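Step one of this worksheet: look at the structure below.
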Amino acid sequence: MSCKVGIAGAGSIAFGSAALLQQNGHEPMLWSPSGASTKALEDGPLEASGAVETVFAPRVATSAQELAEQNDALLIALPGYGHKAVFDALAPHIRDGQHVIISSHASLGAVYLMQKLAERGVDAAITAWGTTVVTGRRGEGASVKVNTVRKKVDLCTVPETRSDCALAVCTKLFGDVFVPRDGLLAISLSNLNPQNHLGIALGNITRMERGETWSQGQNVTPKVGALLEALDAERLEIVAALGLQTKTIFEHFSQSFHVPISTISEMNQQMHAQGNGGTGPATADSRYVTEDVPYGLQLTAVLGRLVGKPAELHEAGIKIFSAMYGRDFAAENELLNALELDGYSLDDLRQAARTGLLRKMPEPAS
């Protein structure tokens, strides 16, 4: 049975996800909050090539209300710095039983949205993915090159009592690729893009600034690869301190890009040789920095401090990029700022990761 899925976003991931949904027999609708990114669809159909080949005319929404009211499920598929504004726009219109999927989850956004819905007394499940189900890049007009459809995507749902139903919905829509993880903290720490993009952007920032065309996989050289491995070791220490499990960076590249496990540099060279290495950012104004530093690295840094495992390389990356860009990236995370985590304990955060609601836990009896 076909499902109607409203997609908040109209960039490469939104277009690629829409194409995959259409290929799987569902009916996507795209909404661009600014309206600019869906204008190309006025001149012709969406054309997907690569890992998904299809040409079709998706439905287009003109408002958050229309997107929520005309679809069975919602997919949030835009950069993390746009999540809070989109949550605020959608929250008044999400209804009981409606399923919301965040692709990919950033900075406890599911908790922020769940609390907005709780204020209205709305009972809806929110599923967080550790990464996107597709990778790709927008082309000219309404075209997208889908580089890959991932074989494995981590997910969890709040409240956790809805997990089985949510897994069934995601599988029906996108295929049997999902791996349930133990709560939002595990999902937050299973998104490897911020740490990987930190190393890639640092190693190739002059290419980005000059607007060069360059292969990302090929330029994960041995020194860049070693930095990515060291960043991953920091993340895994935090994961272990929280008693959680996530995939390693080696498993991530192997499962996402279908290459055998080796060093990170060698795996990326194999990806490049197979044509799956991707093209690096051609601008310094890239989500690799403007999204992933405040909305990815910052949460890892906060969690590292909370569990007594400071993520020194992550923290250094935030400071280095802040110096490069003349911005305080640590202060730019609107979701973490709104949640005011400083007023809560680690136990409060653990509970929120399962219920979606951030509440102060009772003090233990003395």
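The values are calculated or read from the model by the stated rules, or taken from the named source; none is laboratory data. A quick note: this is a predicted structure, and the numbers were derived from the prediction, not measured. Ideal geometry is used to build each Cβ from the backbone, glycine not excepted, and the neighbour counts take in all protein chains shown. All accessible areas refer to the heavy atoms of the entire protein, side chains included, with ligands and DNA or RNA removed. Shrake-Rupley method; radii C 1.70, N 1.55, O 1.52, S 1.80 Å.
Rank by packing, highest mean first: peptides 235-241, 150-156, with packing defined as the count of other Cβ atoms within 10 Å averaged across residues.
Listed from highest to lowest mean packing, they are 150-156, 235-241.
Say each of Asp96 and Asp176 gets a label point 7 Å from the Cα, pointing the same way as Cα to Cβ; how far apart are those two points in nm?
3.5
Give me the 1.4 Å probe accessible area per residue for segment 23-138, excluding ligands and nucleic acids, in Å².
37
Could you check how much of the accessible area of segment 258-348 is carbon and sulfur, as a whole percent, using a 1.4 Å probe?
Carbon-and-sulfur percentage of accessible area, whole number: 50.
Tell me, what is a quarter of the convex hull surface for the C-alpha atoms of segment 207-264, in nm² with one decimal?
Convex hull of Cα atoms, orientation-averaged projection: 5.1 nm².
What residues have an amide H closer than 5 Å to that of Val60, excluding those fewer than 5 places away on the same chain, when H is modeled at 1.01 Å from N in the peptide plane?
Under 5 Å from the amide H of Val60: Leu30.
Diagonalise the Cα gyration tensor of segment 167-285 and give the resulting equivalent ellipsoid semi-axes, square root of 5 times each eigenvalue, largest first, whole Å.
The three semi-axes for segment 167-285 are 26, 18, 14 Å.
Efficiency by 1/(1 + (r/R0)^6): what FRET value for Ala36 and Ala233, r their Cβ-Cβ distance, R0 = 45 Å, to the nearest 0.05?
0.65
Output the antiparallel fraction of DSSP beta bridges having both residues in segment 41-158, as a percent to the nearest 5.
50
Can you pull the percent of segment 147-244's accessible area that's carbon plus sulfur, 1.4 Å probe, other chains left in place?
Working: 1940 of 3840 Å².
Exposed carbon and sulfur together represent 51 percent of the surface.
Under a 10 Å cutoff between Cα atoms, tell me which one of Lys84, Lys309, Lys39 has the largest fluctuation in the Gaussian network model of the chain.
Its mean-square fluctuation being the largest, the pick is Lys39.
Mind computing the radius of gyration and Dmax over the alpha-carbon atoms of the chain? Å is fine for both.
19.5, 68
Would you be so kind as to identify all helices of the chain, as entire DSSP H runs, whose Cα atoms reach 27 Å or more along the helix's own axis and whose mean Kyte-Doolittle hydropathy is at least 0.5?
222-241
If you take every DSSP beta bridge whose two residues both sit in the chain, what share of them, in percent to the nearest 5, is antiparallel? Present the calculation step by step, with values, prior to reporting the outcome.
Details: 14 of 40 bridges.
If I count the DSSP bridges inside the chain, around 35 percent turn out antiparallel.
Accessible area per residue of segment 311-366 at 1.4 Å probe, in Å²?
In whole numbers, segment 311-366 has 61 Å² accessible per residue.
How much of the accessible area of segment 14-140, in percent, comes from carbon and sulfur atoms when a 1.4 Å probe is used?
45
Dividing the Cα convex hull volume of segment 98-155 by residue count, how many Å³ per residue is that?
110
Which value, in debye to the nearest 20, describes the size of the charge dipole of the chain about its Cα centre when Lys and Arg Cβ atoms bear +1, Asp and Glu Cβ atoms bear -1, and nothing else is charged?
Approximately 320 debye in magnitude.
What does the accessible area per residue of segment 199-303 come to in Å², with a 1.4 Å probe and no ligands, DNA or RNA counted?
Value for segment 199-303: 40 Å² per residue.
Using just the C-alpha positions of segment 306-366 as equal point scatterers, what log10 of I(q)/I(0) does the Debye formula give at each q in 0.13, 0.14, 0.17, 0.19 1/Å?
Evaluating at q = 0.13, 0.14, 0.17, 0.19 Å⁻¹ gives log10 I(q)/I(0) of -0.50, -0.57, -0.76, -0.87.
Which of the residue pairs Lys4/Lys152; Lys247/Lys360; Lys116/Lys145 have a Cα-Cα distance greater than 28 Å in the structure shown?
The answer is Lys247/Lys360; Lys116/Lys145.
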